[in-house]
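The values are calculated or read from the model by the stated rules, or taken from the named source; none is laboratory data. Since we're looking at a predicted model, the values are computed, not measured. Cβ: placed from backbone, ideal geometry, glycine included. Neighbour counts: every protein chain shown.
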Amino acid sequence: MESSSKQYIEEIDIFRAIAFLLVTAIHFYNPAKHFIDTPNLSNDMMTTLLFSGGIGVQIFLFLSGFSLTIGRCDKNQKTEAELDVKNFFINRALRIFPLWFLCVLILYWSNKLGGLDFVLLMMLQTQNLPPLTAFNLAWSIQLEFFLYLFFPVLFTFLANSKIFLPVLLFLTLRIILSYVSTEEMRAIAFQTFMGAGSYFYMGMVFSKLYQENRIKPFGNPIINTILIVVSFVFIVELLKLDLIRPNNIEYYYVYFPEIFSILLGIMLLNYINFKNKVLNSWVLVKFTSGIFSFIGKVSYSGYLLSLFVLDFYVRNSTSLTVPRGWLGFFLDFGLYACLLVLVSTITYYSVELPFLKYRKRY
């Protein structure tokens with residue numbers, strides 16, 4: 001939940017939990033790949049599926065834009081044009097920095113950082129990260145905070161019904177850059193403002209459409225399932241092509257952020273509609289939804305601390321005996337995930353929540 005002034009939508013946290021598990025799974029693969037037997041077709045397919053977990057960061061960015069816009073629109077198709085910028089940035093600082101400072105302090109102690117590097121990292125200057133640390137995913141937090149700086153501008157376009165101008169701007173920049181250096185298009189689409197801005201802003205757009213009831217989500221579970229399968233296969237196949245023939249896939253990344261964001265937005269709205277109409281009456285779904293929504297709530301702690309916990313787990317789990325192959329991998333990953341959620345729960349209630357209580361309506 002991103003603000004104390006808006007209604008809570010459990011499905012956002014459920015999607016956030018899925019993104020968190022995708023990212024942690026791909027990080028876990030490298031130290032645990034010794035479980036995998038000799039290469040074969042099934043192993044290659046599973047590895048490809050696992051590496052699609054890299055899209056978890058893009059899901060986080062989309063959900064961030066979606067949740068930040070909740071409470072700003074209504075069913076009369078009106079959007080509050082005024083934004084309390086001061087309260088917005090205070091809320092963002094209360095959300096991001098307390099746990100960020102804790103991670104930098106851990107890094108300062110474990111890597112013997114110099115004073116200047118420590119200060120610059122406190123200011124989100126992640127280029128000062130020492131190489132091969134347990135905090136190398138910090139670049140995405142820096143990128144997200146950069147998007148927060150542009151949120152008031154993007155929200156102005158949204159409030160004044162100039163919805164497509166930012167999308168056209170991001171897309172135009174990527175098209176121009178595709179003629180300069182196609183080899184960098186994947187990084188541009190995934191790791192820069194020109195790609196991340198589209199995920200973030202498209203989340204804002206779908207949030208507006210959802211609140212104004214302009215989109216009638218499909219309630220048919222068959223359609224919902226098809227959308228999920230098609231979009232996931234699309235992402236996996238795209239990543240597979242990138243691994244096999246990188247020179248033939250770069251141009252697809254020019255349009256990737258918008259295509260992926262539209263698919264994700266439709267999936268989210270379908271799930272909200274279908275869950276509210278049908279799934280909430282199923283006891284098992286209620287139980288699993290509660291677990292996933294809780295994981296989503298503590299996912300920021302889990303994300304920032306994931307590599308620290310992974311380093312600790314790998315160093316102290318060598319005596320564990322688990323089967324080889326994918327069964328062993330998922331058993332080992334399950335233990336690591338449980339430990340990570342436990343640590344995340346502690347830091348959420350002890351570090352994050354005390355500061356989140358001071359957020360105000362923006």
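For residue 124, are the conditions met, namely being under 23 Å from the mean Cα position of the chain (by Cα) and modelled with pLDDT of 90 or more? Break it down into steps so the answer makes sense when it comes.
Details: under 23 Å from the mean Cα position of the chain (by Cα): yes; modelled with pLDDT of 90 or more: no.
Answer is no for this residue.
For segment 194-216, give me each residue that is surrounded by fewer than 23 Cβ atoms within 10 Å (Cβ to Cβ) and closer than 18 Å to residue 54 by Cβ.
194
Taking residue 28, is it touching a helix residue (DSSP H, G or I) at 6+ places or on another chain (Cβ under 8 Å), at pLDDT 85 or above, in a helix (DSSP H, G or I) and not polar (S, T, N, Q)?
Details: touching a helix residue (DSSP H, G or I) at 6+ places or on another chain (Cβ under 8 Å): yes; at pLDDT 85 or above: no; in a helix (DSSP H, G or I): yes; not polar (S, T, N, Q): yes.
In short, no.
Looking at (1) hydrophobic (A, V, I, L, M, F, W, C); (2) at pLDDT 90 or above; (3) at positive phi, can you tell me which one residue 132 breaks?
Of everything listed in (1) hydrophobic (A, V, I, L, M, F, W, C); (2) at pLDDT 90 or above; (3) at positive phi, residue 132 misses just condition (2).
Out of segment 111-121, which residues are modelled with pLDDT of 75 or more and touching a Leu at 6+ places or on another chain (Cβ under 8 Å)?
If the condition is that a residue be modelled with pLDDT of 75 or more and touching a Leu at 6+ places or on another chain (Cβ under 8 Å), then 121 is the only one that fits.
Among the residues of segment 77-110, write down those that are exposed (fewer than 15 other Cβ atoms within 10 Å of the Cβ) and at pLDDT below 75.
Those that are exposed (fewer than 15 other Cβ atoms within 10 Å of the Cβ) and at pLDDT below 75: 77, 78, 80, 81, 82.
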